[in-house]
Amino acid sequence: MITSPKSGTDFSYISHLACSDCGKVYSASELNTYCLDCQSPLLAHYDLDGLRKSLRREDFATRPWGMWRWHELLPVRAASHCITLGEGDAPLLRLPKIGEKLGLTNLFLKDESGNPTGSFKARGIAVAISKARELGVRRVIIPTAGNAGGAMAAYAARAGLKAHIFMPKDTPVANVQESRMAGAEVVLVDGLISEAAGMAGEKARAEGWFDLSTFKEPYRVEGKKTMGYELAEAFGWTLPDVIIYPAGGGTGLVGLWKAFAELEALGWLENAQRPRLVAVQAKGCAPLVKAFKAGASFCDFWINAHTIAAGLRVPKSFADHLILRDLYESQGTAVSVSDEAILAAQHQMGEDEGVFAAPEGAATLAALIKLKQLKWVKPDERIVLFNTGSGLKYLS
Ligand SMILES: *Cc1c(COP(=O)(O)O)cnc(C)c1O
Ligand SMILES: [Zn+2]
């Protein structure tokens, strides 16, 4: 259940959108996509001073569980426009056995696998679909590596919108079936998400359908950022030392960093210490790792991308500049891991801790093992791995 605020308080404190690169301002009351001047993602801005005066950080814990308890910091302007399937408030688990084996005393897993449609994509898509419908959209389209399509199909069904999905023909079968089950039109593409994106973009322009591609609309990242609020709350309004995250399109990483910046601006954090962000990619598709190692501000398109971690098969993110900026700013790093290491880590998460992780989630453990060997992480640091989805979605 999503409750309305006490009178005199706004449901959403969104003020405007601004280009993440050139700063050009756009309205949050009209349908916008990305910056038309410089083709960069738009980010949402909020009246944080107003919010600080009317709410305390403790108030959020008293509300019904779920992502929408952060509605003042989300873009949807009325409770009646929030489409929900019960997303958010994923558990923060300790990983005691793996921690002991690696010699790490404060190892955690943010387990997003229990979200609707079995992945953290539910958070971003719930917000994007809600806001699109609030602004009058009737049809949505998305190119996807898999889970975003499944989530979009479900939330579009719930919202009464028609959904069109373009995915590579070798996308995990669960994604195809869950999308069709929710009444979406699914087009299987002979190629990667980049080819699917080209086709979906053309279709969107020709038909006037709204394109929910990663960072080509401003609101999926807003849903993803709630993972950052939950982490801060769970750690008593401090932040962990290291966050290890499987990066594809980058909404998760950019969302977390945005959440921390907002909490800091609100004065709700106990100290100014921010985590080091680690972007994990697969050896067969590691554009961010290559760019990070070169100290570059943009990624090259990764040719011949291949990995079992379907969500990481993104040859170039539309938000590459933004992701790299956040990685550098956090003094983080970027790590690539082989599919063999991902499979071994997936087994270890299951056998040691009872978690059937998505390959993308398991990749974070594979990366941690490398970082421990390199002494990049210290034994007593608070380290959070992200399991972004359920292993059940990859059965064939
Ligand atoms: C999409 C996806 C990712 C990559 O997420 P981004 O936030 O777009 O970088 C990671 N894991 C899973 C399971 C995914 O579906
Ligand atoms: Zn711009």
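FYI, it's all coordinate maths here, none of it is from the lab. From a predicted model like this one, the values you see are computed outputs, not experimental measurements. Virtual Cβ from ideal backbone geometry, glycine too; neighbours counted across all protein chains shown.
In terms of surrounding Cβ atoms within a 10 Å radius of their Cβ, Y155, Y34, Y328 rank from fewest to most as Y328, Y34, Y155. Under the combined filter of DSSP loop state and at most 15 neighbouring Cβ atoms within 10 Å, the range 237-308 retains these GluC sites (Glu not before Pro): E270. Taking amide H positions as modeled 1.01 Å from N, with prolines and chain starts lacking one, the residues under 5 Å from Y26 and 5 or more places away or on another chain are L17, A18, C19.
From the Cα gyration tensor of the range 14-81, with a ≥ b ≥ c the square roots of its eigenvalues, which class applies: rounded if a/c is under 1.5, or else prolate if a/b is larger than b/c, or else oblate? Prolate, since a/c reaches 1.5 and a/b exceeds b/c. Placing dummy labels 7 Å off each Cα toward the beta-carbon, the span from S27 to M199 is 3.6 nm. The sum of -39500 (n - 2.57) across all DSSP H runs of n ≥ 4, divided by the residue count of the chain, sets its helix-only mean residue ellipticity at 222 nm to -11500 deg cm²/dmol.
Applying 0.36 nm per residue to the separation of R138 and Q39 and subtracting their alpha-carbon distance, the gain on full extension is 33.2 nm. Taking a ≥ b ≥ c as the square roots of the eigenvalues of the Cα gyration tensor, an a/c ratio below 1.5 marks the chain as rounded. Cβ crowding within 10 Å, taken as a proxy for footprinting-reagent exposure, orders T33, T388, T171 from fewest neighbours to most as T33, T171, T388.
Each of the peptides 196-209, 341-354 was scored by the mean count of other Cβ atoms within 10 Å over its residues; in descending order, highest first, they stand as 341-354, 196-209.
From the Cα gyration tensor of the range 249-345, with a ≥ b ≥ c the square roots of its eigenvalues, which class applies: rounded if a/c is under 1.5, or else prolate if a/b is larger than b/c, or else oblate? The shape class here is prolate. Backbone amide hydrogens, once placed in the peptide plane, bring C35 within less than 5 Å of S40, L42, excluding anything fewer than 5 places away on its chain. Each of R94, R63, R69 has some number of other Cβ atoms within 10 Å of its Cβ, and from fewest to most they run R94, R63, R69. Put simply, the amide H of F318, placed in the peptide plane, has no neighbours under 5 Å, leaving out anything fewer than 5 places away on its chain.
With 31 Å as the limit on Cα-Cα distance, the pairs of K316/K372; K131/K372; K283/K375 that go past it are K131/K372.
Take 271-284, 231-244 and order them by the average number of nearby Cβ atoms within 10 Å per residue, most first; the result is 271-284, 231-244. Ranked by the mean number of other Cβ atoms within 10 Å of their residues, highest first, the peptides 378-387, 218-227 come out as 218-227, 378-387.
Our coupling estimate for the range 273-278, obtained by passing each phi through the Karplus curve with A = 6.51, B = -1.76, C = 1.60 and θ = phi - 60°, is 7, 9, x, 7, 8, 10 Hz, Gly and Pro reported as x. Over the chain, Cα pairs under 8 Å with separation of 6+ residues give a relative contact order of 17 percent.
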